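Working notes for the structure below.
The values are calculated or read from the model by the stated rules, or taken from the named source; none is laboratory data. Please read these numbers as outputs of a predicted model, since none were measured by experiment. Here the Cβ is made from the backbone with ideal geometry for all residues, glycine too, and neighbour counts use every protein chain on show.
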Amino acid sequence: MKRIVLCVLMLFLTVNSCLADELRLDLESKYQKKVMQVGFRILNANGIDKRMIFSYEPDKRVNAVSYSTTKNIVVFKGIVPYFDSDDELAAVLSHEIAHGLDFHAGFWRRIAMAFSSIKYEEKADKKAVDMMVNAGYNPVAMIVALNKILPEENWFERSGSHPVGSDRLAYIYEYIYAKYPAYLVDNEYRTNLYYQNFLLTSQKDRELIRKKYAQQYTPVSNVQSK
Ligand SMILES: [Zn+2]
């Protein structure tokens, strides 16, 4: 009798772990496909004729990276649960594609990027907003996604190569406000918790940046109200 119980238990455990493996592979291939689809949609919509490879890696890091030498763009598993829509994934991919374009510009650009990383990060964020709009994604998703992802230690202070988080979201918002105001008029993210929280915490930062941007950008009028 004991032996039968043991056999049934073994069978149950084996079937169970096979199913879990299958489920994991299924999810991984689903994410891999999604990352490629969104990535290639951004490349095509923006007429980018440079080759870039998109991949998904089952690694816990809450991050996505663009590799300067291989031109590979990798989205790590840890970041995936933070995305509630393709627009949010598109925000992160667009930022990495913008870096990818700089990497394609050659050796001297890479040197310049190493010396003034903050400048190139800001440039990549703004370029990412343009690319999202061109590909039909809502650029407000970049504020929502970053508000969820950026760690506390990067919120008020610089850590590594990226600008201070609170500044970063404020200038992205002001860039959208100045260049694509229609996305903020009838905003589908108005009731989004993360967006509301950003509005609440960024008033001073936004005011400062708004003055700076006032003369810099002319709004694009042909964007449909969203
Ligand atoms: Zn970056």
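Checked against the criterion of being of a type in the set (Lys, Arg) and at pLDDT 85 or above, the candidates LYS212, LYS179, LYS204 yield just one match: LYS179.
Only one of the numbered conditions (1) surrounded by 14 or more Cβ atoms within 10 Å (Cβ to Cβ); (2) away from the ligand (no atom under 16 Å from the Cβ) is not met by PHE76, and that is (2). Against the conditions (1) within 18 Å of LYS148 (Cβ to Cβ); (2) without any contact (Cβ under 8 Å) to a residue 24 or more places away in the chain; (3) over 11 Å from the mean Cα position of the chain (by Cα), LYS77 satisfies every one except (2).
Considering every residue within region 84-98, establish whether at least one is part of a loop (DSSP other than H, G, I, E, B), more than 11 Å from the ligand (Cβ to nearest atom) and modelled with pLDDT of 95 or more. Yes: one or more hits. Within region 85-120, the set of residues being more than 24 Å from ASP49 (Cβ to Cβ) and touching a residue at least 24 places away in the same chain (Cβ under 8 Å) comprises SER85, ASP87, GLU88, SER117, ILE118.
The set of residues from region 53-75 being closer than 23 Å to MET113 by Cα and either part of a strand (DSSP E or B) or in contact with a strand residue (DSSP E or B) (Cβ under 6 Å, 6 or more places away or on another chain) (or both) comprises ILE53, PHE54, ASN63, ALA64, VAL65, SER66, ASN72, ILE73, VAL74, VAL75.
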